[in-house]
Amino acid sequence: MLLGQTRWPVSVCLSVEDPVPRRVPRPVRRRASRSRAALGQKALAALLGAALAAPLALTAGPARASGRYTVTPLKFTVRAGGRSCAVDADLYRPAGVDHAHPAPAVLGTNGFGGSKSDGSTDAIGKIFAERGYVALVYSGLGFGQSGCLISMDDPGIDGRAASRLVDFLGGKRAADDGTRADFVTLDAPGDPRVGMIGGSYGGAIQLATASADHRLDALAPLITWNDLAYALDPNNAVGAPQVPGAFKWQWTNGFYLAGEGQPLTVPGLDPSRINSLACLHFVSAVCDTVRTLNSGSYPADRTARLLAYARSVSPATYLRGVRAPTLLVQGQADSLFNLNEATASYRTLRAQGTPTALVWQSWGHSGGMTDPAPGELNMTQGTLEASYVGRRILAWFDHYLKQDRSAGTGPAFAYYRDWITDPAHTYATADGVPALSRTLYLSGDGKLVGDRAEVAPGSRGYTNQAVPTSHSESSLTGSVGLPDPAPYDTEGTYLAWTGAALTRDLDVAGAPQATLRVVSPAAERTQDSGDAADRLVLFAKLYDVAPDGTQTLVHRLVAPVRVPDVTKSFTVTLPGIVHRYAAGHRLRFVIAASDDAYFGNRGIKPVTVVSAPGDTGVLRLPVVGG
C-alpha cells in the first residue's frame, strides 16, 4: 500500500491510550488556485485507487504452518484512545521452540493502509521464524482487522498497544483465547528479549514504543519520519522550527484520503474504527491538522496547535527515551521522508549514547519499492542474506537478541552508490555522516564559482505567478510506478547558478547547504501580518547538467523554504543525496518561486538576488572521496 504494502513492511503504528523553460500560465486569482487544489484532491482520489490496488499483487494468502514453523492467529483486546478494540495478530513459532528451548522474539506491523497479511508484513513473520525467532506480526490500529482510530503512531496510543503485545511475549498476559507465550527468551520475569522491525508507519511505531517500554532490545526502523511537521509541511530554513513551511499537499492528502476512504476498501468496519461524520477514521487532531494545512493559512493559534500535535507524534520529541540499539535505514529515493529525517534521529540517538547505526539504501517511498535495484533489500524474496541491508539487519538482531557476539553490528554509517554496477560493492562506509567540505559561490552573472574573488557583481530577479510554474514530481506516481513528467522551471520564475564543467568526478553524500540573501519588498510588507502564510516561500534545488544540456534533479528532491525574515540572510539545508556528478557535467543551483507538489506563495512576491565579491550567497557540499 501507499506507505506500506510494497516489498518491505512500510508501517506506521498508532498510539493507544490506556484511561527547461515553459510557457508561463495565464495568471488567475488566488481563488482559482484553491479550486485547483480541490480538483487535485479529486484526481488524487482516483490515483489512490490505483495506489491501493497495486499492492494486491504482493498480498499473501492466510498464514499457515510450514515444516519449519507454525502460525497461530490471535486477538488481543487493548484500550486505545478511550476505546476498547481488538488487535489482530499472527504468532509464528519455530519448530523445536518451547518452554525448555526458548527463543528471542521479533515484533512487526504494517505500513499505512496495510495489515498483518500484506506481502511485506507477512514476510517479517516468515523470514524471522525460519531463522529461529518467535515472530509476532499484527495489524496496526485502524488497519486490517484491528480496531480503533488511526492516530499516527502516537506513543500514548499505538505505543501502548504495542507494549501490551510485549506483555504477551513476556508471559504477563494471554491472548483473548487464552494462548500464552511461555517459549520466548526472558531477560527478567515479564521482560522478553524482543526486537521490532518495519518500515515507514511500521518504523515510527518502534521508536514510539521503545521511548516508554525499555524492554525492547533492538530496533530496525526503515524509511520513517523524525519530525512529522517537517515531513508534511517542510521548512528547510535552518533555525526556524516555529515557522511552518510549504504544505506537501499531494502526499498528505493521499494518505488522508486513504484513511478516510476505508469503507470503500474495508467492508464491515469495526465500530471502534469510526470517529464522527467530520472525521471518520482518524483521531480528531489529525483531521484538524490536515484541514489547517489545506486552508493555506497559518495564523499563530492554528500554527501552534498544528506544530504541537505533529511533534507529539514525532520521534524528534520522544527519542530521548529510546535506549534500545537502533539500526536506522532510510531511502535515497524518498520525497516523503527524505534522508534528513533519519540523519536527525541518528544524531540525536548517538549524542545520548544509544547504540545506533545508519544506512542510506537506494529505495524509498518515491521509487524502487516495488522493484529494488539488484542486490538491494527485497523482503518478499524471503531472504535477508542476499542484500547488504538485509545482512546488516540480521546481524543487528543476532547480536542484540541472540547475543551472538560474532555477529558484528557493522559501521556507523553506510550509503548506496548508484554509479557502482557491481551489487557486491555498491555500499561505502564511514564513521559518520560526511561533513560539508566544499564551498561554491553564487556569482551575479549566474555562474557557480569556486573562489569568492571570481564573483561578478550583479543583480537578477524572478517573480511568482498565481499558479505553480515549476514541477519536481507528482508525488504518488513513484509509489505505483506511473510515469511523471521531467522536472522543469518556467522562465522568469526562477534563478539559476551554473558551474563550469567538472574536470573529474565529484561525489556528494549528504545534505548540501546554501546561505542566501534575497530582496523582496512585497514580502517585507506582509511578513509580519500575523499569518505566517504571508511570508515569502521559495524552493531550492540542485541539478546535474549533462554535456548535452539535459538536467537531472536528483531523486526529484527540493527544499521548500518559508523565509523567517526576508530582511536577513538565511541558511537552507537541502535534502540529503548520494550522487556522482561525473566529469564533464556541471552543477546547477536553482531557487524557484513555486513547485506544484506544494502550496507556495500567497500573493505575488517578486524576488531579487544581489551578488558582490564581498557579499554573495554560498553553496556548501558534503564531498566524499577526495
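Coordinate-derived values only; no laboratory data. Predicted model only: the values in this text are computed from it and were never measured. With ideal geometry, Cβ positions are generated from the backbone for all residues, glycine too; neighbour counts draw on all protein chains shown.
Show which lysines lie in cross-link reach of Lys605 when reach means a straight Cα distance below 22 angstrom and same-chain residues fewer than eight apart are skipped.
Lys248, Lys541, Lys568
Per DSSP H run of n ≥ 4, the term is -39500 (n - 2.57); total these for the chain, divide by its residue number, and report the mean residue ellipticity at 222 nm rounded to 500 deg cm²/dmol.
When only DSSP H runs of four or more count, the value is -6500 deg cm²/dmol.
Ordered by packing density, taken as the mean number of other Cβ atoms within 10 Å over each peptide's residues, highest first, how do 411-423, 155-167 rank?
Ranking the peptides 411-423, 155-167 by packing returns 155-167, 411-423.
What lysines sit close enough to Lys116 to cross-link, taking a C-alpha to C-alpha distance under 16 Å and skipping anything fewer than 8 places away on the same chain?
Leaving aside lysines fewer than 8 places away in the same chain, those within reach of Lys116 are Lys75, Lys126.
What does the convex hull of the Cα atoms of region 438-624 come to per residue, in Å³, rounded to a whole number?
Dividing the Cα hull volume of region 438-624 by its residue count gives 117 Å³.
If you take P(r) over Cα pairs in 10 Å bins from 0, in percent from the coordinates, which of (i) 3, 17, 28, 25, 16, 8, 3, 0; (ii) 3, 15, 23, 21, 16, 12, 7, 3, 0, 0; (iii) 3, 14, 20, 18, 13, 11, 9, 7, 4, 1, 0, 0 do you get?
Answer label, from the structure shown: (i).
Quick check on the exposure proxy: order Tyr427, Tyr298 from fewest to most C-beta atoms within 10 angstrom.
With the sparsest Cβ surroundings first, the list reads Tyr427, Tyr298.
What ranking, highest mean first, results for peptides 342-352, 500-510, 106-116 when packing means the other Cβ atoms within 10 Å averaged over each residue?
Highest to lowest by the protection proxy: 106-116, 342-352, 500-510.
What whole number of Å gives the distance from the Cα centroid of region 110-150 to the Cα centroid of region 467-542?
Spelled out, the Cα-based centre of one part sits 38 Å from the other.
Sorting check: for 429-440, 118-129, which peptide has the highest mean count of neighbouring beta carbons within 10 Å, and how do the rest follow?
Ranking, from highest mean packing down: 118-129, 429-440.
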